[in-house]
Structure formats: C-alpha cells, structure tokens
Amino acid sequence: MSETNVQQHKDRVPPGQKQTESFPVLHYGDVPYYRDMSKWDLRIFGLVEEEAAISYKTFMALPRKLFHNDIHCVTTWSKLDNVWEGVAVATIMDKIKLKPDAKFVMLHAEGGWSTNLPLEDFMAETSFFGIKHNGELLSPEHGYPVRMVVPHLYFWKSAKWLRGIEFLAKDKPGFWERNGYHMYGDPWKEERYDWD
Ligand SMILES: Nc1nc2c(c(=O)[nH]1)N[C@H]1C(S)=C(S)[C@@H](COP(=O)(O)O)O[C@H]1N2
Ligand SMILES: [Mo]
C-alpha cells in the first residue's frame, strides 16, 4: 500500500510527524543474533533492596497481555495501531522492592546502549516488555527477544534487546541523550533535542 493510501488519523499524529505503514529499523551499532538463550538474562539492579536476574526461561513463562498503541520516532515517522504481546511492567515490579530514593530508570541494552526515563514513565500502565509485534515474535532487528515499549515517549526510549533495568536517584543521560537528544522526549511537545 502506498503512503498516500494510508488512512490518516491526524489527531493521533503528533506535530512534525508523518504516518507510515512500514516499520523502519533504526538503531546504533550491531543487531545481536542470539544462539544460546541460556546465557541471556534481564538484570534488575541499582536502588533495589535485592538485585535480580531473570532468565530467558523464566521471563518467557511470565503472564502476558496484549497492548494496542501508536509509536512515534524522533526521525518523524509515526506508526499507528500496533498490537503487541508482552509482559506488564507491574508483573516484574511486584516482585522487586525499590529503595525509597529510586526516582529514575536507566534501560540497558545488549552491547552497552542505554536510555533514561523517570520511574513514573517506566511504571506507566501503557509501558511494557514487548515480545511479539502484530502477531509475530520480534525479529532480531526489532529487538528479539525482549524490547521495552514506552509508547507515550519518542520511540528511542523503547530499548531493543533489553538486558538491564537500573534504578537511580537522579536522572542521567543514556546513549542518545548524551548525544543531543532530549532527556524526556514527549512527542506531543516535540521534545526532540536537548535544545527544544
Ligand atoms: N538497543 C537499542 N535500542 C534502541 C535503539 C538503539 O540504537 N539500540 N534505537 C532506538 C530508536 S532511535 C528507535 S526509533 C527505535 C527503533 O525501533 P525499530 O527499529 O523497532 O523501529 O529503537 C530504539 N531502541
Ligand atoms: Mo528513533
């Protein structure tokens, strides 16, 4: 389908964005192609009473939910009506006791990439750990086996190949945030770059 035939939903597309039907692949660095999932884990660390590491097997056995959302990339594409299968943030966080000064989160991806967001945004009911997109397991390019999805912020906050969740007292810039992107990234306020 050509872009001109896409059904337009102007009210759902933030300023400066264009609707797309495709699912562009964007990231810095190399795509990890996993062979042995026995070495994969999701680490939970920083300002927690007890650090944790969730194995692939345990993570994949967690209860899942469907999430329906629109996503907005800072490079100006927006993709509406995504259906995801994933694990609610609360499913993991119900088992984690945070220290009282935990106020921010750093998401760590395979290979060292990172992105930061406030605890409140991470804990939002619309944020989740994505495993399937539109009925298919995430491809390696889109973040297999697990990516964060935070649809109310620009899509760069949705870390692909998630491997770590770190709780912090103070906000700290992740990879793109150190390279000029906005610390928060609200698409409705066009918080694209740190001078916006
Ligand atoms: N690990 C990791 N996650 C990442 C990135 C990255 O470079 N590394 N780029 C972000 C950016 S800028 C965008 S727009 C989205 C793109 O996701 P997609 O390739 O599934 O469309 O992933 C985000 N998550
Ligand atoms: Mo992006």
Checklist outcome for this item: Given the conditions (1) of a type outside the set (S, T, N, Q); (2) more than 16 Å from ligand 2 (Cβ to nearest atom); (3) open to solvent by less than 30 Å² (accessible area, probe 1.4 Å), every one holds for V74 apart from (2)
Checklist entry - Is it the case that K79 is in contact with a strand residue (DSSP E or B) (Cβ under 8 Å, 6 or more places away or on another chain), more than 17 Å from A124 (Cα to Cα) and of a type in the set (D, E, K, R)? => result yes
Next on the checklist: Take residues that are open to solvent by 10 Å² or more (accessible area, probe 1.4 Å) and tell me which of the strands (runs of 3 or more DSSP E) falling wholly in region 104-191 contain 1 or more.
Outcome noted: 104-109, 114-118, 128-133, 162-168
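For region 13-34, state whether one or more residues are over 24 Å from W188 (Cα atoms) and loosely packed, with under 11 Cβ neighbours inside 10 Å.
Within region 13-34 (the criterion being over 24 Å from W188 (Cα atoms) and loosely packed, with under 11 Cβ neighbours inside 10 Å), the answer is yes, since at least one residue qualifies.
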Checklist entry - Taking D171 and the conditions (1) within 14 Å of ligand 2 (Cβ to nearest atom); (2) in contact with a Phe, Trp or Tyr (Cβ under 6 Å, 6 or more places away or on another chain); (3) over 13 Å from G86 (Cβ atoms), which numbered condition does it fall short on, given that it satisfies the others? => result (1)
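Please determine whether any residue of region 22-34 is over 20 Å from the mean Cα position of the chain (by Cα), within 16 Å of ligand 1 (Cβ to nearest atom) and on the phi > 0 side of the Ramachandran plot.
No, that holds for no residue.
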Checklist entry - Of all residues in region 101-117, how many are out of contact with any Gly (no Cβ under 7 Å at 6 or more places or on another chain) and at positive phi? => result 1
Checklist entry - Tally time: how many residues in region 23-47 are within 16 Å of ligand 2 (Cβ to nearest atom) and not hydroxyl-bearing (S, T, Y)? => result 7
Checklist entry - Residues in region 133-150: is at least one more than 24 Å from M37 (Cα to Cα) and away from ligand 1 (no atom under 13 Å from the Cβ)? => result no
Checklist entry - For the subset of region 77-103 comprising residues that are among the hydrophobic types (A, V, I, L, M, F, W, C) and closer than 30 Å to G16 by Cβ, which member is surrounded by the fewest Cβ atoms within 10 Å (Cβ to Cβ)? => result V83
Checklist entry - Can you name every residue in region 8-40 that is touching a helix residue (DSSP H, G or I) at 6+ places or on another chain (Cβ under 8 Å) and without any contact (Cβ under 8 Å) to a residue 40 or more places away in the chain? => result S38
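The values are calculated or read from the model by the stated rules, or taken from the named source; none is laboratory data. It should be emphasised that the depicted structure is a prediction, and the values quoted were computed from it without experimental measurement. Positions of Cβ are backbone-derived with ideal geometry, glycine not excepted, and every protein chain shown enters the neighbour counts. Please note that ligands, DNA and RNA were not included when accessible areas were found on the heavy atoms of the full protein model with its side chains. Shrake-Rupley method; radii C 1.70, N 1.55, O 1.52, S 1.80 Å.
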